[in-house]
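Trainee: Following this message is one structure expressed as structure tokens.
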Amino acid sequence: MPVIRFLNIALSHATASLLAASLVASCVPSNDGSGFATRNPAAAADVSVERVVLQAYRSIGDRHLNEPDFRRMSQETYKGFASADPALSLEPGDRSFTLLRDGHQVVSRPTPSDPTDGRAWGGMLAELFAASIDASPVLQQTERGALIKGAMVATTRQLDKNSRYADPDEAKDNRFQRDGGGGIGITVERTDDRRVLIRAVQDGSPSAKAGVTVGDQIVAVDGEVMLDKTLSDVVHKLRGNVGQPVTLTVLRGGSQELAIEMRRSRIIPTTVTYERTGNVALIHLTGFNSATTDSLTHALDRARLEIGRDLQGVILDMRSNRGGLLDQAQSVSEVFIGDGVIFSTQGRHPDSQRTYKSGSRKATELPMVVLVNGNSASAAEIVAAALQDRGRAAVVGTTSYGKGTVQTVIRLPNEGELVLTWSRLLAPSGYTWNEQGVMPNICTAKVGDVGQLAPASVDANKALLQRWHAERNPSHQEVINLRKICPPGDESPERDVDIAARLLRDPTLYAHAVRTGSIEQAAVPR
């Protein structure tokens, strides 16, 4: 039963990109009421493949984590571009690339002498692309977006598993997830019998104010029937400019049809929810967008107000949180860490070599436990690793996903995006969790009776965590062996919450658990 949140569409990749927010902001200037830069859609649709690939090659040459080999890459890029016409081929030589069609030469271009010069290789490819379109009736009839996508997907496959191309439609959704946009604030679901039902209504949203309720079936939007539309089509129909009116026709209770009028407002997807479990604040953090830290602060304030002096601590549930904005990972960590290193980054570009420190003077000192699983990645791992290393929290669950790289987002001339890996992440203790993951202080699968959990059993993990944090350049087989210690899992069992609550109820047990993973306990780097 597929679920799409209009205002919080789940990332489609397990390796969801960790986005450097400052770079995103510089690439996506906001100059209208919706929070997005506006461009002429027709002009964007008319952008040539040559222009897009040229910009991509320049960015890859300047910013990618590893120095690229454009001689090899350009051959694959061309194959992707020309895949619709098997009569076209590219014959690489030592000093030139020759374009052939049906075995006959069309044009030959000299190759740049430097295999790392993205500008030069991009320029050469642009000339070959133009000549190919002139020579191929097939390419002339192929949609420009398809040519661009073929070239860009082939390009990013030569980089790393986290670099990728997002076409204009996907990129638009990505920008909505990061920064918000015009919408009405609902979560919908397509049922097995093809109905589109509303499963959640965001507090304070236009839908909530207009009286939309959970369980309403969407029949039409602005008079256009949605029954046979895809879920994605319904999403795009409901989104629009901030302040623009929209009429939502719903079926309530199976028989009552209502036409509900409202105006779109700027909606930022909900990433933080709070619930009270006994005298503990259980906070679910599902992603990192521009509103996450503020929402987290509000959730903590609500917990203090509701529970008062009996508040025993916080459980920060980041299971299946696949990441988001880099600056939000830093600011979320600062909510709990008052000073010192949170994480650092290392890359080829000088700007990618940074150490991020907390400058917060209002960090909460509440005891806390972090929950992770095998789908906790990227920004979630930054927070988990920082809180664990700094002795600020105990981590419970399974080994996390292991995505320890930062991606920057380059907005392309066609309104698509190049998501480009540009640095590695390091925990305060100096280890990188890329591929390896963050190991929990307490592995849920190894706990028998939660009620019998004792300091001695918690302390038994100390040596394993010391070894984990001491690794610097483990081999592929060493990573496999390490991850077998507490295998990553996809589920979010209630036992994780039970263990976390047990720790927070027992200050002595909690203190033992926190110490096992802190920097003070780390072994000498290997």
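Trainee: Please indicate, with yes or no, whether at least one residue in the stretch 17-37 is within 30 Å of residue 327 (Cα to Cα), in contact with a Phe, Trp or Tyr (Cβ under 9 Å, 6 or more places away or on another chain), open to solvent by less than 70 Å² (accessible area, probe 1.4 Å) and at pLDDT 50 or above.
Mentor: no
Trainee: Contact list please: Cβ distance under 8 Å, first residue in the stretch 391-405 and within 9 Å of residue 438 (Cα to Cα) and in contact (Cβ under 8 Å) with a residue 60 or more places away in the chain, second residue of a type in the set (Asp, Glu) and open to solvent by 10 Å² or more (accessible area, probe 1.4 Å), pairs at least six apart or on different chains.
Mentor: Close Cβ pairs (under 8 Å, with a partner that is of a type in the set (Asp, Glu) and open to solvent by 10 Å² or more (accessible area, probe 1.4 Å)) amount to 402/435.
Trainee: What residue, of 97, 81, is crowded, with 18+ Cβ neighbours inside 10 Å, farther than 28 Å from residue 406 by Cα and of a type in the set (Phe, Trp, Tyr)?
Mentor: Selected residue: 97, the only one of 97, 81 that is crowded, with 18+ Cβ neighbours inside 10 Å, farther than 28 Å from residue 406 by Cα and of a type in the set (Phe, Trp, Tyr).
Trainee: Sort through 109, 144 and tell me the only one that's more than 25 Å from residue 64 (Cα to Cα), among the basic types (Lys, Arg) and modelled with pLDDT under 95.
Mentor: 144
Trainee: Let me ask something else about it. Quick test for you: out of 365, 435, pick the one residue that is assigned to a loop (DSSP other than H, G, I, E, B), closer than 19 Å to residue 320 by Cα and at pLDDT below 95.
Mentor: 435
Trainee: Next up: Can you tell me which of (1) touching a residue at least 60 places away in the same chain (Cβ under 8 Å); (2) farther than 29 Å from residue 352 by Cα; (3) of a type in the set (Lys, Arg) is the one residue 322 doesn't meet?
Mentor: Unmet condition: (2).
Trainee: Is there a residue being more than 12 Å from residue 81 (Cα to Cα), under 21 Å from the mean Cα position of the chain (by Cα) and buried (at least 22 other Cβ atoms within 10 Å of the Cβ) anywhere in the stretch 121-144?
Mentor: No: the stretch 121-144 contains no residue that is more than 12 Å from residue 81 (Cα to Cα), under 21 Å from the mean Cα position of the chain (by Cα) and buried (at least 22 other Cβ atoms within 10 Å of the Cβ).
Trainee: While we're on this one: Determine whether residue 186 is more than 22 Å from the chain's Cα centre (by Cα), under 29 Å from residue 294 (Cα atoms) and of a type in the set (A, V, I, L, M, F, W, C).
Mentor: no
Trainee: May I ask you to verify whether residue 403 is open to solvent by 10 Å² or more (accessible area, probe 1.4 Å) and either modelled with pLDDT of 95 or more or basic (Lys, Arg) (or both)? Before the answer, list the steps.
Mentor: Numbers: open to solvent by 10 Å² or more (accessible area, probe 1.4 Å): no; either modelled with pLDDT of 95 or more or basic (Lys, Arg) (or both): yes.
Judged against the criteria, residue 403 is not a match.
Trainee: Do we have any residue at all in the stretch 411-427 that's closer than 30 Å to residue 51 by Cα, open to solvent by less than 10 Å² (accessible area, probe 1.4 Å), out of contact with any Cys (no Cβ under 7 Å at 6 or more places or on another chain) and of a type in the set (D, E, K, R)?
Mentor: Yes, there is a match, as at least one residue in the stretch 411-427 is closer than 30 Å to residue 51 by Cα, open to solvent by less than 10 Å² (accessible area, probe 1.4 Å), out of contact with any Cys (no Cβ under 7 Å at 6 or more places or on another chain) and of a type in the set (D, E, K, R).
Trainee: Which strands (runs of 3 or more DSSP E) sit wholly inside the stretch 226-342 and have at least 1 residues that are open to solvent by 40 Å² or more (accessible area, probe 1.4 Å) and within 24 Å of residue 213 (Cα to Cα)? Spell out the reasoning first.
Mentor: Working: elements: 245-252, 256-263, 265-267, 272-277, 280-285, 313-317.
Result: 245-252, 256-263, 265-267, 272-277, 280-285.
Trainee: How many residues are of a type in the set (S, T, N, Q) and free of Cβ contacts under 8 Å to residues at least 24 places away in the same chain when one looks only at the stretch 79-126?
Mentor: The total comes to 6.
The values are calculated or read from the model by the stated rules, or taken from the named source; none is laboratory data. On a predicted model such as this, the values are computed, not experimentally measured, just so you know. For neighbour counting, all protein chains shown are included, and Cβ atoms are generated from backbone atoms with ideal geometry for every residue, glycine included. Surface areas here come from the heavy atoms of the whole protein model, side chains and all, with no ligands, DNA or RNA. Shrake-Rupley method; radii C 1.70, N 1.55, O 1.52, S 1.80 Å.
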